[in-house]
Amino acid sequence: MNRLKNIASKIKTEFKELDIVPYYPKGEERKHYFLNSYCCFSSNFSNEDLYVTDLKHVLCLYINNSNYKSDEQGIIFNDRQYNIPVLKDVWDEQKKRIKARNFAIFAPTGEGKSFLANNILRQYFEADVRLVIIDLGGSYSKFAKLYPDDHIILRYEQGKNLGINPFYISNEADLTPERLEDLAIFLLELLAEGNQVSKAKEVAIKKVLLHYYKHIRLNHSLASLYQFIDDKKDSLIEALSIREEHFSVYNFLHILSEYVDDGLYSFLFNVSEDQTYKIEDKHMIVFELDEVKDNKEILSVMLKLIKSAIQRTIWRNRSERGIILFDEFAKQLKFDNVLESVEFYYQAIRKQNGAIGIILQSINQLPNNSTSASILENTQVIYSLRNEKGYDELQKRLNLSSQDLNQLKSIRNNLTGDRKHTEMFIKIGKESNIFRLEVPKQVYAAYLTDGKESERIMKLYEQHQSMEKAIKTFIKQL
């Protein structure tokens, strides 16, 4: 405030030396000039004010005029002309601009992908949107810890499980047709049956599951199911009137032996009771899988377990808005079956009041196949940050117009001055524009995802056990 007064005093002094008497409105007059400083918007001006007689009126009427128009609600960005906050409705509840609200963020390393994602997700979170973040980079723990009672971080540690038991039911009422369908799909995926599973195989696996739950009343788990089928292997096919080609007992026992008893991956299912009730009331769930990113088998099973937990908890209330974000998505795409697993979410989200988000360094990290094409077709909100190598592939794969490409090429960041900001291209349906992202120091600290500054904040958090206090202490030390 004192600095502002000094600046005003200096301006007055300079004007006086030029024999100019400066005009500056005060009180209600000042408020009206600010609120009505858009071209042709003058509801609070008096008739005397509306008679434009000098430069002061002209300048005030145009000071906030720009081609950026705020929506009624949405995520706050900044326009690139005057840094004025702009609301962009990237959810589009009424579906006036987009049919699918899924989004993708594209930017090379170091350009601020996770920073932008933190900004978008925080505003969604504060608008009561439920968040599920599947992260291979550890980019959201600081943001999550700002809300200690509303978040849970489930971190994979080598040789340990996530506490998710998809087969656990507390009573018979839990075994609904939908739950049975989900369990059947889960088992067929574990058995690597692929996407094109015949109806006969689906029916057979559901018959086996019903038979299991009919005879086994307690302590349901994959190990229990495996033991049950092993015990009944000689009579199961005949008892259920199914064919060996539709359900192979040998294949089932052979393939799933890796996940039970002394199997290589038995630890993934080594839990008797389901712990997913812990996430039911949480509005932010972060699955940190960075320790598993290079193991195809574990990552694939983890994604299946997470999908199972989401279906049984988060998606039960279809009236509740929700977002599932896949960060460090390219690392997951090293394995063929992961892309198919993610495509499931895109198909299932249509039935929910939700959206899917993916973060990539380049659109080329999405393989050029039908699965990727399906994902891109269902992604109608595009964010792109600065890319020194150009945007030709982005234009080609997303069918961007020449105007979109010119806007992308105009992106400029300022990371050295007092008012640091990044610029980004945002396309919502057919509408596109360049926006800025400038945040206060406290918010900047909360969004940092790596580097020495981030490490300092995490050390302060360990000391204070409060992320808000850690960030405030960090700001004071700057």
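Largest accessible area first, the listed residues 444, 156 line up as 444, 156 when surface is computed with a 1.4 Å probe on the assembled protein chains. Surface calculation, 1.4 Å probe, protein heavy atoms: residue 91 sits at approximately 10 Å² accessible.
For region 83-100 and region 403-472, write down the distance between their C-alpha centroids in whole Å. Here the two parts' Cα centres lie 21 Å apart.
Charged neighbours of residue 18, selected by a Cβ distance under 15 Å, balance to 0 (K, R count +1; D, E count -1).
Select from 467, 414, 344 the residue farthest towards the positive end of the dipole of the chain; place +1 on Cβ of Lys and Arg, -1 on Cβ of Asp and Glu, and compute about the Cα centre. Result: 414, furthest along the dipole toward the positive end. Comparing Cα centroids, region 109-186 and region 189-235 end up 27 angstrom apart. Take every pair of alpha-carbon atoms less than 8 Å apart whose residues are at least six positions apart; their mean separation over the length of region 290-445 yields a relative contact order of 16 percent. With the alpha-carbon atoms of the chain aligned to their principal axes, the span from lowest to highest coordinate is 105, 50, 43 Å, starting with the largest.
Charges were assigned to the Cβ only: +1 to each Lys and Arg, -1 to each Asp and Glu. The resulting dipole of region 125-257 about its Cα centre is roughly 180 debye.
Could you tell me how many degrees, from 0 to 90 and to the nearest 10, lie between the Cα long axis of helix 113-125 and the main elongation axis, the longest principal axis, of the Cα atoms of the chain? In the chain, helix 113-125 runs at an angle near 90 degrees to the longest axis. May I ask for the net charge around residue 408, where only other residues with Cβ less than 11 Å from the Cβ of residue 408 are counted and Lys, Arg are +1 while Asp, Glu are -1? Around residue 408, the surrounding residues sum to 0.
Checked against a 23 Å cut-off, the cross-linked pairs 10/69; 5/26; 113/441; 278/452 give Cα-Cα distances beyond that limit for 10/69; 278/452.
Net charge of the neighbourhood of residue 422, taken over other residues with C-beta under 10 Å away and scored Lys/Arg +1, Asp/Glu -1, is +1. Quick check on region 307-429: take the gyration tensor over C-alpha atoms, sort the square-rooted eigenvalues as a ≥ b ≥ c, and tell me if it's rounded (a/c under 1.5), prolate or oblate. Prolate, since a/c reaches 1.5 and a/b exceeds b/c.
Across region 135-229, the volume of the C-alpha convex hull divided among the residues equals 163 Å³ per residue.
Against the chain, whose longest principal axis comes from its Cα atoms, helix 222-231 is set at around 20 degrees.
Taking every C-alpha pair closer than 8 Å and separated by at least 6 residues, the mean separation divided by the residue count of the chain gives a relative contact order of 22 percent. Summing Cβ point charges (Lys, Arg +1; Asp, Glu -1) relative to the Cα centre of the chain gives a dipole of roughly 1520 debye. Dividing the summed -39500 (n - 2.57) terms of all DSSP H runs of n ≥ 4 by the residue count of the chain sets its mean residue ellipticity at 222 nm at -12000 deg cm²/dmol. With respect to the chain, whose longest principal axis is taken over its alpha-carbon atoms, helix 467-477 is tilted by about 40°.
Report the one residue of 236, 326, 146 whose Cα lies farthest in the direction of the positive end of the charge dipole of the chain (charges on C-beta: Lys and Arg +1, Asp and Glu -1; origin at the Cα centre). Of the options given, the answer is 146.
Only the Cβ atoms of Lys and Arg (+1) and of Asp and Glu (-1) were treated as charged; on that basis the dipole of region 79-164 about its Cα centre amounts to roughly 260 debye. Separation of the alpha carbons by more than 30 angstrom is noted, of 99/396; 233/351; 207/304; 199/233; 420/472, for 233/351. Toward the positive end of the charge dipole of the chain, with +1 on the Cβ of Lys and Arg and -1 on the Cβ of Asp and Glu, the farthest Cα among 268, 127, 180 is that of 127. The mean accessible area for residues of the chain, using a 1.4 Å probe and ignoring ligands and nucleic acids, is 54 Å² per residue.
Among beta bridges identified by DSSP and lying wholly in the chain, the antiparallel ones come to about 40 percent. Given contacts defined as C-alpha pairs under 8 Å and at least six residues apart, what's the relative contact order of region 67-194, whole-number percent? Computed over region 67-194, the figure is 11 percent.
The values are calculated or read from the model by the stated rules, or taken from the named source; none is laboratory data. It should be emphasised that the depicted structure is a prediction, and the values quoted were computed from it without experimental measurement. Neighbour counts run over all protein chains shown; Cβ positions are idealised from the backbone, glycine included. These accessible areas exclude ligands, DNA and RNA; they are computed on the full protein's heavy atoms, side chains included. Shrake-Rupley method; radii C 1.70, N 1.55, O 1.52, S 1.80 Å.
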